[in-house]
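The next block holds one structure in the form of structure tokens; read it before the comments.
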Amino acid sequence: MNTAARKLPSRIEAIVGSKPYTLNGVGMSGSEVRMYDDYVLKIQQQSAETDNEYAMVTWLAGKLPVPQIPAYCVEQGTAYTLMTKATGTMLCDNTYLTQPEKLIQMVADGLRQLWTVDVTTCPCASSRLTQRLQNLDYRVSHNLVDVENTEPETFGPGGFKNPEELLRWLKDNRPAEDIVLTHGDFCLPNLFATGDSITSYIDLGKMGPADRWQDVAIAIRSLHHNFTGYYTDGKVLYNFEPHMLTDALGISFDPVKYRYYLLLDELC
């Protein structure tokens, strides 16, 4: 256990006080994540994503199973997001990975649940392609793309020369959008479940209205990685194929949008 080393904003201090916590470094590079018994506190540089997560969680109350945020404070450019801890088990846990058909159906259920939300009054205005491509202009021009943390085929022989070339391709080949509510990073660690039911969506900084393939493509990639040994030293758990998820969703596999949204994600 750790004791607080930094001074927390008074609103957050009033809630967590001197409660013990552990640190969780998974998936939040450059940030501090404190895990309390009943809360999670994310401490990171303020950004459009930290602001968006707070706005989306507030808007989604009663619409979807998302954490509550009792306090969101920004001090000297640092965002402090205190949220209730997700209930259930991550979908990347062996409990679900060893039941592949069930897991695929649950991922499909999670996507469909998002798609039922009317986005007419959604507070997020930055998730559609026009704004996302503008944001990528900044990332690429300021060398913020981590090319070492991309799929092997994206850059180099047989792929794109560099992020600039990929961004030009994305601008020249943007598909028409079929707008629904999307998570923005719909991978297995960002979904929690109990039994057959999704109990929480987490890490909602990229959430907002976008084409449904924004999430479908990432979900397929996440299932493929988890089933085919990407995280388990090559141990194949299941011979997953993309159509298994689209069949569960009742939609046709769209190879054009699948590739487009995977490549878009490489620059994020």
> Hey, got the Cα dimensions of region 115-268 along the principal axes, in Å, largest first?
Replying inline: 45, 44, 27
>> If I build a Gaussian network model for the chain, linking alpha-carbon pairs within less than 10 angstrom, which residue out of Ser197, Ser222, Ser18 has the largest mean-square fluctuation?
In response: Ser18
>> With n ≥ 4 as the cut-off for DSSP H runs, can you work out [θ] at 222 nm for the chain, using -39500 (n - 2.57) per run divided by the number of residues, rounded to the nearest 500?
In response: -11000 deg cm²/dmol
> Can you tell me the accessible area per residue over the chain, all protein chains present, probe 1.4 angstrom, in square angstrom?
Replying inline: 50
> Working out 0.36 nm times the residue gap between Asn162 and Lys7, then minus their Cα-Cα distance, what length gain in nm do you get to one decimal?
Replying inline: 51.6 nm
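Which net charge results when you count Lys and Arg as +1 and Asp and Glu as -1 among the other residues whose beta-carbon is under 12 Å from that of Arg112? Walk me through the intermediate numbers first.
Numbers: positive: Arg212; negative: Asp109, Asp215.
My count for the surroundings of Arg112 gives -1.
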> Using θ = phi - 60° and the Karplus curve 6.51 cos²θ - 1.76 cosθ + 1.60, what whole-Hz ³J(HN,Hα) does each residue of region 105-122 get, with Gly and Pro shown as x?
Replying inline: 5, 5, 4, 4, 4, x, 5, 4, 4, 4, 5, 7, 7, 6, 9, 3, 9, 4
> What residues qualify as long-range amide H neighbours of Ala79, i.e. H under 5 Å apart, gap of 5 or more or another chain, H built at 1.01 Å from N?
Replying inline: Gln44, Gln45, Gln46
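Given an 8 Å cut-off on Cα distances and at least 6 residues of separation, report the relative contact order of the chain as a percent.
Values: 412 pairs, mean separation 53.7, N = 268.
Across the chain, relative contact order equals 20 percent.
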> At what distance in nm do the modelled label points of Asp146 and Asp37 sit from each other, each positioned 7 Å from its Cα along Cα→Cβ?
Replying inline: 3.4
> So which trypsin sites (Lys or Arg not before Pro) in region 160-249 are both in a DSSP loop and have at most 12 other Cβ atoms within 10 Å of their Cβ?
Replying inline: Lys161, Lys235
> Under a point spin-label approximation (7 Å from Cα along Cα-to-Cβ), what is the Lys235-Thr116 distance to one decimal in nm?
Replying inline: 3.6
>> What are the ³J(HN,Hα) couplings of region 155-166, residue after residue, when phi is run through the Karplus curve with 6.51, -1.76, 1.60 and θ = phi - 60°? Round to Hz, x for glycine and proline.
In response: 10, x, x, x, x, 8, 5, 6, x, 4, 5, 5
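Provide the FRET efficiency to the nearest 0.05 for the Thr228-Thr84 pair, computing r from the beta carbons and using R0 = 30 Å.
On the way: r = 34 Å, r/R0 = 1.13.
It comes out at approximately 0.35.
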> Once amide H atoms are placed 1.01 Å from N in the peptide plane, what residues at a sequence separation of 5 or more from Tyr21, or on another chain, have their amide H within under 5 Å of its amide H?
Replying inline: Asn2
> Check Gly229: other-chain or 5+ apart residues with amide H under 5 Å from its amide H, H built from backbone geometry?
Replying inline: Leu237
>> Below 11 angstrom from the Cβ of Leu264, what's the summed charge of the other residues (Lys, Arg +1; Asp, Glu -1)?
In response: +2
> How far is it, in nm, from the label point at Ser197 to the one at Gln134 when both lie 7 Å from their Cα along the line to the Cβ?
Replying inline: 4.1
> What part of the accessible area of region 165-243, given as a whole %, is carbon or sulfur when the probe is 1.4 angstrom?
Replying inline: 47
> Can you count the Lys pairs in the chain with C-alpha separation below 26 Å, eight or more apart or on different chains?
Replying inline: 20
>> What number does region 48-185 give for Rg over Rh if you use C-alpha atoms and the Kirkwood radius?
In response: 1.00
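The values are calculated or read from the model by the stated rules, or taken from the named source; none is laboratory data. Everything numeric here is computed off the predicted structure, so don't read it as measured data. Note: ideal-geometry Cβ built from the backbone for every residue, glycine included; neighbour counts use all protein chains shown. Quick note on the areas: whole protein, heavy atoms, side chains included, nothing else; ligands and nucleic acids left out. Shrake-Rupley method; radii C 1.70, N 1.55, O 1.52, S 1.80 Å.
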